[in-house]
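Undergrad: Okay, here's the structure, questions in a sec.
The values are calculated or read from the model by the stated rules, or taken from the named source; none is laboratory data. Remember, it's a predicted structure, so these values are computed and weren't measured experimentally. Cβ: placed from backbone, ideal geometry, glycine included. Neighbour counts: every protein chain shown.
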């Protein structure tokens, strides 16, 4: 694993991509070169903006480019993410990364990415990387409503994949949840990222069908480097482990899924 870098990164682009959702690109070659799908960074404003919350926020890396750009899917949930969503050129964000354990991607089986909400972000990166490595990859992506669906054209452009879209109200794509109407005939390896109830459903599905499953957990983080211990999850042997350093990607069997 690479050593994390802390750097100021200039905002190159900030465009609306869905309701309360932005696509942000930063100039950050020091971090982009070492990043792998499933890893994340901590984004903040440092002490340059005393009006904003001090603590940085974790974001999965959505893309990286050869010229050092990093792309992120940012959805506004509170004051901190709102301030970041308002930033544009020529402002800069304070970035720490790359952080965490990435997905393992191999050609042993097709890759089926199951994305709920902003859980789509790591699979943008994974899709782009799979295209470079010649790996077969599909993306099933779900939201509550069509207003929240991240720009499908941008998904296609980044990944080269036509996403299988699901919305609970049926306004975009198929009506239903991410796991509804899945095609598992090719016995894929499952990669999942989304809210906890969705991940639990993915665990049940993988167990029933005997499929390998990696999950990326979404936990609150204050530091990203294992100091604050705000992101702990329970392991299969009952111990509390830090998702920022031992995850955020885990084999499903590494974690306890008991409620």
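Undergrad: Give, as residue ranges, the strands (runs of 3 or more DSSP E) completely inside the stretch 139-250 that count at least 2 residues that are surrounded by 22 or more Cβ atoms within 10 Å (Cβ to Cβ) and in contact with a strand residue (DSSP E or B) (Cβ under 7 Å, 6 or more places away or on another chain).
TA: 189-193, 213-216
Undergrad: Can you tell me which residue is nearest to residue 223 (Cα to Cα) among those in the stretch 95-112 that are at pLDDT 95 or above and surrounded by fewer than 22 Cβ atoms within 10 Å (Cβ to Cβ)? Give the derivation first.
TA: Looking only at the stretch 95-112, we keep the residues that are at pLDDT 95 or above, and these are 95-105, 110-112.
The next check asks that each one be surrounded by fewer than 22 Cβ atoms within 10 Å (Cβ to Cβ); those that pass are 96, 101, 104-105, 110.
Working: 96: 9, 101: 16, 104: 24, 105: 27, 110: 34 Å.
Out of the qualifying residues, it is 96.
Undergrad: Among the residues of the stretch 37-51, is there at least one that is on the phi > 0 side of the Ramachandran plot, at pLDDT below 95 and in contact with a strand residue (DSSP E or B) (Cβ under 9 Å, 6 or more places away or on another chain)?
TA: Of all residues in the stretch 37-51, those on the phi > 0 side of the Ramachandran plot come to 38, 46.
Narrowing further to those that are at pLDDT below 95: 46.
Retained after the next criterion (residues that are in contact with a strand residue (DSSP E or B) (Cβ under 9 Å, 6 or more places away or on another chain)): 46.
Yes: one or more hits.
Undergrad: Also: Cβ-Cβ below 7 Å, separation at least six or inter-chain, first residue in the stretch 168-188 and at positive phi, second surrounded by fewer than 16 Cβ atoms within 10 Å (Cβ to Cβ) and outside any loop (DSSP other than H, G, I, E, B): which pairs?
TA: As it stands, the answer is 181/174, since those pairs meet every condition given.
Undergrad: Here is a follow-up. Can you report the number of residues in the stretch 63-83 which are crowded, with 17+ Cβ neighbours inside 10 Å and either assigned by TED's automatic domain parsing to the domain that holds residue 149 or over 17 Å from the mean Cα position of the chain (by Cα) (or both)? Break it down stepwise before answering.
TA: Going residue by residue through the stretch 63-83, those that are crowded, with 17+ Cβ neighbours inside 10 Å are 63-64, 69-75, 80-81, 83.
Next, from what is left, pick out any that are either assigned by TED's automatic domain parsing to the domain that holds residue 149 or over 17 Å from the mean Cα position of the chain (by Cα) (or both): 80, 83.
Qualifying residue count for the region: 2.
Undergrad: For residue 185, indicate whether it is modelled with pLDDT of 95 or more and closer than 22 Å to residue 106 by Cα.
TA: On the way: modelled with pLDDT of 95 or more: no; closer than 22 Å to residue 106 by Cα: yes.
Taking the combined requirement at face value, the residue does not satisfy it.
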